[in-house]
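The values are calculated or read from the model by the stated rules, or taken from the named source; none is laboratory data. What you are looking at is a predicted structure, and each value in this text was computed from that prediction instead of being measured. Cβ placement follows ideal geometry from the backbone for every residue including glycine, while neighbour counts extend to all protein chains displayed.
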Amino acid sequence: MLVACGRALPWFAPPFGSTWVIGIFARLTYRAHSPVAPLTAYTAWTHSASATGSVRSAHVGYHAAVLPIAASMKLARPAAAGDGPVPTIACFNRAQTSLGVDFDPLIAALQKFLDRHFVPVWGTPAKLVKATKPRHGDWTMVFLDRPDAPGAEGYHDITHHGLPLGKVFIQPTLDNDDKVSTTACHELCETLVDPGINMWAIGTRGLVWAYEVCDAVEEEEFVLDGVYMSDFVFPAYFEAFRKPRSTQFDYLKRVTRPFQLLTGGYGEIRHTRRDKTVNFGSKSKARRFSREDRRYHRTEYR
């Protein structure tokens, strides 16, 4: 069974050696890696009837349609920022509390992180610029003292203009002995990979996982130019057919199999016949998570 907008869809069994895409009309664009024209205005559930029987990413949208694709074509992939104009992200600091790092070096380190570490893996470039307020037509990342959802360290959202917005909250981040730069890196990564906050991946046992690239490893970090950055998972993490230790699943090489949750990580999960749940990598992570008011967090408004 497949799920779209909380409803089960019948499983379509494609002929062996071919691929069907159950398309969901949405704002993202998908491009097939072949000489033919790109598929636009779809997010997609994809199933390949190949010898491997692999199942690829599932992405939630609104209206379903079935589209045949030639067997010689590769599966569609989310285009995100990489297939259109490179987005500019206006970064500005409204916080009075010290970030623990100067703002200019933070933005420079985040840009280097994207260019050298993240973009080669995910293909989602962005240009970060220091600003004093939101800029027309640009994406936004804002640093604030206090959260608008009590206890939240950060989240990514969509503005009333329909553009991606990342928020980083200083006081709860520092109260939890976390680093502002790591929280900012986390939200930046997830904003670039899933800017519409509507992508999901089919796992095993009928589970569908939110396409969040830092949640599972969110307490793992590394230093770049003296600034802490977040670990992030690789695309293979969301491919259930991958064997344990068969490829690289995250940047720091801590993850050994698809959909693994590290001790400090968590994942938002939906079951094809049940409401969504949140799974944790450890009991201590579950306790820390339970202390947060998450009514406006991405785990609540997806």
Would you tally the residues in region 228-249 being surrounded by fewer than 23 Cβ atoms within 10 Å (Cβ to Cβ) and assigned to a strand (DSSP E or B)?
1
Sort out which residues of region 123-139 are crowded, with 21+ Cβ neighbours inside 10 Å and not aliphatic (A, V, I, L, M), and write them in order of number.
THR124, TRP139
Picking from LEU207, LEU192, the residue that is modelled with pLDDT of 95 or more and either under 18 Å from TRP122 (Cα atoms) or aliphatic (A, V, I, L, M) (or both) would be LEU192
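Among strands (runs of 3 or more DSSP E) lying entirely in region 92-211, which contain 2 or more residues that are without any contact (Cβ under 8 Å) to a residue 60 or more places away in the chain and not hydroxyl-bearing (Ser, Thr, Tyr)? Before you say what the answer is, go through the steps one by one.
Values: elements: 127-130, 139-144, 154-158, 164-169, 199-202, 207-210.
Strands (runs of 3 or more DSSP E) meeting the threshold: 127-130, 139-144, 154-158, 164-169.
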